[in-house]
1. Search the range 49-74 for residues that are free of Cβ contacts under 8 Å to residues at least 40 places away in the same chain and pair each with any residue that is among the hydroxyl-bearing types (Ser, Thr, Tyr) and assigned to a helix (DSSP H, G or I) when their beta-carbon atoms are under 7 Å apart and the residues are at least 6 apart or on different chains.
2. Quick one: is Arg139 in contact with a Cys (Cβ under 8 Å, 6 or more places away or on another chain) and more than 28 Å from Leu9 (Cβ to Cβ)?
3. Suppose the filter is at pLDDT below 90 and among the charged types (D, E, K, R); does Arg80 pass it?
4. Restricting attention to the range 58-72, which residues are open to solvent by 40 Å² or more (accessible area, probe 1.4 Å) and either basic (Lys, Arg) or not in a helix (DSSP H, G or I) (or both)?
5. Could you tell me which of the residues Ala114, Ala92, Ala102 is part of a loop (DSSP other than H, G, I, E, B), out of contact with any strand residue (DSSP E or B) (no Cβ under 8 Å at 6 or more places or on another chain), modelled with pLDDT under 90 and not acidic (Asp, Glu)?
6. Determine which member of the set Arg67, Arg54, Arg63 is under 11 Å from the mean Cα position of the chain (by Cα) and at positive phi.
7. Does the range 76-89 hold any residues that are touching a helix residue (DSSP H, G or I) at 6+ places or on another chain (Cβ under 8 Å), part of a helix (DSSP H, G or I) and open to solvent by 40 Å² or more (accessible area, probe 1.4 Å), and which are they?
8. Just to verify a result, which residue in the range 1-53, among those that are among the charged types (D, E, K, R), open to solvent by 30 Å² or more (accessible area, probe 1.4 Å) and part of a helix (DSSP H, G or I), is nearest to Tyr91 (Cα to Cα)?
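The values are calculated or read from the model by the stated rules, or taken from the named source; none is laboratory data. Since the model is a prediction, treat every value here as computed from it, not as a measurement. Cβ atoms come from the backbone with ideal geometry, glycine included; neighbour counts cover every protein chain shown. Note: areas computed on protein heavy atoms with side chains; ligands, DNA, RNA excluded. Shrake-Rupley method; radii C 1.70, N 1.55, O 1.52, S 1.80 Å.
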Amino acid sequence: KAVDKAMDLLGVRDHAAGELYHKLCRKFDAHSAAAAVAKMQELDLLDDAAFARRRAAELMRKRKSRRAILEDLAAKGIDRDTAVQAVEELYAPDEQEDPELANACALVERHYAAKLADGKWQQVAAALARRGFSHAVIRQALDRYGTE
């Protein structure tokens, strides 16, 4: 039954092995859940590295910071090394502009332009920090809009 449930879950969307295991543990004992995950891996239906790359790319399109992407991947059960590798591939240095800086600037333009116009740059900086952007990226993004 656990294998059938795993197949159903994988039919809806791709999962990481850890995420699938936790979902199966809601209805089945740990041994059955682990056996079902092992069977899915045996059938090559689970690939944590590919899942991490796809998820990281999706989150980058949603204007997430590196830190937020790493936290999301960890919550999905991706190990730290695999998550870091996926994020580093995504943020390859051959790009002309840092994608994280581009995401921060897009957020400033889309959500915080009115606050910047009112001189509330500290509130904007705090909002970007809560979203996981580094101080250096926040400073560069605000510098583009002529703030202090």
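1. Pairs that qualify, where the first residue is free of Cβ contacts under 8 Å to residues at least 40 places away in the same chain and the partner is among the hydroxyl-bearing types (Ser, Thr, Tyr) and assigned to a helix (DSSP H, G or I), are Ala49/Thr82; Ala52/Thr82.
2. no
3. So Arg80 fails the test.
4. Step one: filter the range 58-72 for residues open to solvent by 40 Å² or more (accessible area, probe 1.4 Å), giving 58, 60-64, 66-67, 71.
Answer for the range 58-72, where residues must be open to solvent by 40 Å² or more (accessible area, probe 1.4 Å) and either basic (Lys, Arg) or not in a helix (DSSP H, G or I) (or both): Arg61, Lys62, Arg63, Lys64, Arg66, Arg67.
5. Ala92
6. Working: Arg67 fails: at positive phi; Arg54 fails: at positive phi.
Just one listed residue meets the conditions, Arg63.
7. The answer is Arg80, Val84, Gln85, Glu89.
8. Here the answer is Arg53.
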